[in-house]
1. For the stretch 173-226, what's the radius of gyration and Dmax over Cα atoms, in angstrom?
2. Within the stretch 158-217, which GluC sites (Glu not before Pro) sit in a loop by DSSP and count at most 14 neighbouring Cβ atoms inside 10 Å?
3. Got a sec? Charge dipole of the chain, +1 on Cβ for Lys and Arg, -1 for Asp and Glu; which of THR219, SER230, ALA158 is way out at the positive end?
4. Within the chain, what whole-number % of the accessible surface is contributed by carbon and sulfur, with the 1.4 Å probe and all protein chains included in the calculation?
5. Rank PHE188, ILE115, TYR144 by how far each Cα sits towards the positive end of the charge dipole of the chain (+1 on Lys, Arg Cβ; -1 on Asp, Glu Cβ) and give me just the farthest.
6. Among all stretches of the chain without exposed trypsin sites (Lys or Arg not before Pro) (DSSP loop, at most 13 other Cβ atoms within 10 Å), which one is longest?
7. So what's the back-of-envelope 222 nm ellipticity for the chain, counting only DSSP H runs of four-plus at -39500 (n - 2.57) apiece and dividing by all residues, rounded to 500?
8. How large is the translational diffusion coefficient of the chain in µm² per second when you combine the Kirkwood radius over alpha carbon pairs with Stokes-Einstein at 37 °C and 0.692 mPa s?
Amino acid sequence: MSLSELIAGVEDHERTLTVFNAEASVVADLREQFADRNVHVRAERTESGRPGEFVTLSDDGEIVTATGLASFRDSIAGPDISLSEAPYRPILDNLDETMFTSWSISQLVAASREIEDRAARVGGGTLHAGFQTVSTLKGELDLYEHLGERGVEVHAYAVPDEEAPSHSEFTLHADRGSEIAESWFVVFDGNGDDEQKCALLAEERDPRAFYGFWTYDPTTVDYIIEHLESTYWLVEQ
């Protein structure tokens, strides 16, 4: 299964966020906040109006989790719903492997930083990062050299649109395939700890507009890494 096929599989899987006993304006705000996610937001009322305002997240019609509306809105306060603190939030914890649509480069950079920072804090393990082109990699050279210096084994993937920059702390896989040209990914193997595993995977479908997902699922992370290692084993000389 290619990276694109993996993304398509996630895209076909929509989840439902049900908002109970809330004002219409609140529901409208949540629909706007989740407009770039593969999440259907709907409103509902309990007959008694109790236990007050709350939200549930459903997957294939089955409720996965629930939380109070106020705490949920506090947890997603800010311009973007990204990886920040997501594992510790009742709803967002279950929104990994949910499609995001038409993200900008700045949104992807912010999400990528979460994974890169995690790898730096762990100070070990292996990080795989796809830059699309060598010219894009050049702008991240200092950061990825630093990750290598921190003890992280780094593998970078890029189409050689220009001469590769001098580097010593990471391995460069230069490949002209369309998958590398169209994909943005940052994948961390957790240094042997499943709870630290995470990945961001996206593809550029429109110019500078990316579609994809993030995940904390160890099986999905392992699959992405296995695909990269078995497909792009050649390295830049």
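The values are calculated or read from the model by the stated rules, or taken from the named source; none is laboratory data. All figures in this text were calculated on a predicted structure; none of them were measured in a lab. Glycine also receives a Cβ, built like all others from the backbone with ideal geometry; neighbour counts cover every protein chain displayed. Remember, those area values only see protein heavy atoms, side chains included, never the ligands or the DNA or RNA. Shrake-Rupley method; radii C 1.70, N 1.55, O 1.52, S 1.80 Å.
1. 12.3, 37
2. On the way: sites: GLU162, GLU163, GLU169, GLU179, GLU182, GLU195, GLU203, GLU204; in loops: GLU162, GLU163, GLU169.
When the GluC sites (Glu not before Pro) of the stretch 158-217 are filtered for loop state and at most 14 Cβ neighbours within 10 Å, GLU162, GLU163 remain.
3. THR219
4. Details: 5090 of 11430 Å².
After summing per-atom areas, the C and S share lands at 44 percent.
5. ILE115
6. On the way: sites that count: ARG45, ARG176, ARG208.
Within the chain, the longest run free of exposed trypsin sites (Lys or Arg not before Pro) spans 46-175.
7. On the way: 8 runs with 78 residues, N = 237.
Taken over the chain, the calculation gives -9500 deg cm²/dmol.
8. 174
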